[in-house]
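Reading through the structure tokens given below for one structure.
The values are calculated or read from the model by the stated rules, or taken from the named source; none is laboratory data. Since the model is a prediction, treat every value here as computed from it, not as a measurement. With ideal geometry, Cβ positions are generated from the backbone for all residues, glycine too; neighbour counts draw on all protein chains shown. Just the protein is used for accessible areas: all its heavy atoms, side chains included, with ligands, DNA and RNA removed. Shrake-Rupley method; radii C 1.70, N 1.55, O 1.52, S 1.80 Å.
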Amino acid sequence: MSRTDTHCPYCALQCGMHLDVTETGDVEVSPRDFPTNMGGLCQKGWTSARVLTLPDRITTPLIRSESGELEPATWDEAMCFIAEKVRSIQGKHGRDAVGVFGSGALTNEKAYQLGKFARLALGTRFIDYNGRFCMSSAAAGANRTLGLDRGLPFPLSDVGEADALLLLGSNVADTMPPLVQHLGGVRDAGGLVVVDPRHSATAALTDNGAGIHLQPLPGSDLALLLGLVHIVIAQGWSDQEYLETRTSGWEEVRRSVTLWWPARVAARTGVPEELLYAAAEVLAKASPSQRGKGTVILTGRGVEQHTDGTDTVTAAINLALALGLPGRPHSGYGCLTGQGNGQGGREHGQKADQLPGYRSIEDPASRDQVAAVWGVDPAAIPGKGVPAVELLGKLGTEIRGLFVHGANPVVSAPDVGALQQWMRALDLVVVCDFLPSETTSYAHVVLPVAQWAEEEGTMTNLEGRILRRRKAIDPPPGVRSELEILAELADRLNSKARFGTEPADVFDELAHASAGGKADYSGLSHARLDDESGYYWPVPAGGASTPRIFTKRFGHDDGLAHMVAVRPGTPEDDLRPEAPVYLVTGRVLTQYQSGAQTRRVSELTKAAPESFVELHPTLAQRYQIEEGDMMSVESVRGRIVAFARISRGIRPDTVFVPFHWAGEGSANLATNDATDPISGMPEFKVCAVQIGKV
């Protein structure tokens, strides 16, 4: 039996695990003691090796025939077909007629190479990725206030040392179960404050005196945060010395929150005044300025996936700054990254407006430096593209061909009914994947690629810690790595740039290209990352790891945090007589993202076999719906049909549908594609619907 130390293929916790390969070639998973998971694994991690041997694994290229079926083809046939189609489309419609949709699941090497391929081999400005659906509002809020976006600007272990934690819009007990181990200290101190319209598994951790559950009206999180800042000021809990020496903009913020007194916030959010005061006191009394052990504020998708998501994150950071948290021991603001490489995936070129190292594609100096590494004229690098929702909206019109890597947008994008129509109108869809998915059903070409345990690469977890993901087994015969695929396609498209095929070589190039950027990896290599003591970016050449940032200065040129006054809006699709109920979406314990992998694992599907609608008994009674009934949830965009699950843990004006399933139970048939004007984040988390018994 051979053993490989690696990391889980799923979420950004990137739990450490052992892969043992038996004499018969079977792969067995066991946990290992790593700082994020401390020897634990969730059900998804325990069963992750099942995906390596699924019977419908794609092992040969597929081309859609004239009969409409995907038929096996040789690699040469597939690559020739793609190259000829790309040349034809771009010859008729221009370079930007081909787009690229990437993923936060790709390794750093693949994310970097995909951005380079889009801009140099395809010459298109239209590239973005599914991380736009995940991290964009948190990134935009952190960049404009703190001057730097790293999900957690401190190690996760710091959360375990704090006495208070405000957790907004994240159900970590279901989405990242091993993380719950880090909440023991705040629960023992009675300091866990969870904001969620549902009494989720995470909200239940506040029971029995362990904390406070705030259950606001969907879409009112920003008002709630402004109310907490108001109380902090009124009670004299703000850290004035910190605000005067480490921030700008405080006076504007202070004036703006005078409008959000507790009674008004209670009326807007549905959260009682006494709970607002109690939550503010818990957070303030644990803060360093009040001689507490530490306070941490963390946001997740529940408060970020809104048209005011960037402003909501900004308000959370304003609260953290008012309490003097960022840069202090066991304190600060952070964002819980979702996808496995949601952090690294956005740092090195998949985002529409970024170059490697988290550089702006519009900055002349950044373009010059990256162009020098790539060996091209800076003018050869296209300008910035558009965010993912806008990119997908151009399919079939301005964009005639699409490359999809590591994503399943036909399930994961908002308003998927419209997206399905746009996908059908494309002249070319190329999907790189290892399993059939709802998106491969729209492909003209499917290229089989290696999985996580079959290739080398690096990931950047939710702490900004860069990790080695190691190869344990060989991929099936006929399967190639995406680095090889992109390199060959670039050659067939007559690209003058060099594209590496070995992960270590591509990482070295990535590190070189990132030098001097905010996300500087230039001091790292695959060999150096064999030391798993932990390297947190930035790691400049010859420099040390940076586990805690903001201890002395923030990311802006003046070294200060820039506080920004914000005000609440209303959901783009708000309640009205014909749509009197809110829909919110989220995850369940045993499924992951679009479910393309986890829905194929029997142990996971037994626990969660199909979509459902969670609703309160009062709402169910009003519509004469009983447990297990098939019911509909309908917005102006589409209709979901799934069975009813009745629970007192959800607000009576709200229904919840998980987003892991396709077909008539797909949550994103109804969700809104309206976006945050700053981040481009779609408003997944709230829209108005009508419900009924089917």
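Of all beta bridges DSSP finds with both residues in the chain, what is the antiparallel percent, to the nearest 5? Bridges in the chain that DSSP calls antiparallel: roughly 45 percent.
Using the Cβ of residue 153 as centre and a radius below 10 Å, the other residues enclosed give a net charge of -1, where K and R count +1 and D and E count -1. The residues of the range 556-652 present an accessible area of 47 Å² per residue when probed at 1.4 Å with all protein chains retained. Take each peptide in 558-568, 223-233, count the other Cβ atoms within 10 Å of every residue, and average; sorted highest first, the result is 223-233, 558-568. Between the listed residues 82, 589, 211, the Cα displaced farthest toward the positive end of the dipole of the chain, a dipole computed from Cβ unit charges relative to the Cα centre, is found at 211. Applying 0.36 nm per residue to the separation of residue 541 and residue 20 and subtracting their alpha-carbon distance, the gain on full extension is 184.1 nm. For the range 549-694, give the percent of accessible area contributed by carbon and sulfur heavy atoms, probe 1.4 Å, rounded to a whole number. With neighbouring chains kept in place, the figure for the range 549-694 is 48 percent.
Net length available on complete extension from residue 556 to residue 636 is 24.5 nm, with 0.36 nm assigned per residue and the Cα-Cα distance removed. Rounded to the nearest 20 debye, the dipole magnitude of the chain is 800 debye, with +1 charges on Lys and Arg beta carbons, -1 on Asp and Glu beta carbons, and the Cα centre as origin.
For the range 207-252, what is the accessible area per residue in Å², given a 1.4 Å probe and the full set of protein chains? Don't skip to the answer; put the middle values down first.
Numbers: 1690 Å² over 46 residues.
Accessible area per residue, the range 207-252: 37 Å².
When the Cα positions of 145, 613, 426 are compared along the charge dipole of the chain, 145 comes out farthest toward the positive end, with charges on each C-beta of Lys, Arg, Asp and Glu. Only protein atoms count toward the accessible area here, which uses a 1.4 Å probe; on the range 86-185, the carbon and sulfur part of that area reaches 47 percent.
Taken one residue at a time, the phi angles of the range 636-641 give Karplus couplings (6.51, -1.76, 1.60, θ = phi - 60°) of 5, 9, x, 10, 9, 10 Hz. Gly and Pro are set to x. The residues of the range 67-136 expose on average 30 square angstrom of accessible surface per residue, using a 1.4 Å probe on protein heavy atoms.
The label-point distance for residue 261 and residue 567, in a model that sets each label 7 Å from Cα toward Cβ, rounds to 1.8 nm.
Taking every eigenvalue of the Cα gyration tensor of the chain, multiplying by 5 and rooting it, what semi-axes result, largest first, whole Å?
38, 30, 25
Estimated at 0.36 nm per residue, the fully extended path between residue 618 and residue 28 surpasses their Cα-Cα distance by 207.7 nm. Straight-line cross-link reach from residue 496 at under 26 Å between alpha-carbon atoms covers these lysines, not counting any fewer than eight positions away in the same chain: 85, 92, 110, 116, 351, 384. Looking at the range 610-686 alone, DSSP beta bridges between its own residues are antiparallel in about 65 percent of cases. Here the range 332-435 has 48 percent of its accessible surface on carbon and sulfur atoms, given a 1.4 Å probe and all protein chains in place.
Shown is the FRET efficiency for residue 502 and residue 629, computed with R0 = 51 Å from the Cβ-Cβ distance and rounded to the nearest 0.05: 0.35. A simple packing score, the average count of other Cβ atoms within 10 Å per residue, orders the peptides 131-140, 149-158 as 131-140, 149-158, with the highest score first. Our helix-only sum for the chain, with -39,500 (n - 2.57) per DSSP H run of n ≥ 4 divided by its residues, gives a mean residue ellipticity at 222 nm of -7500 deg cm²/dmol.
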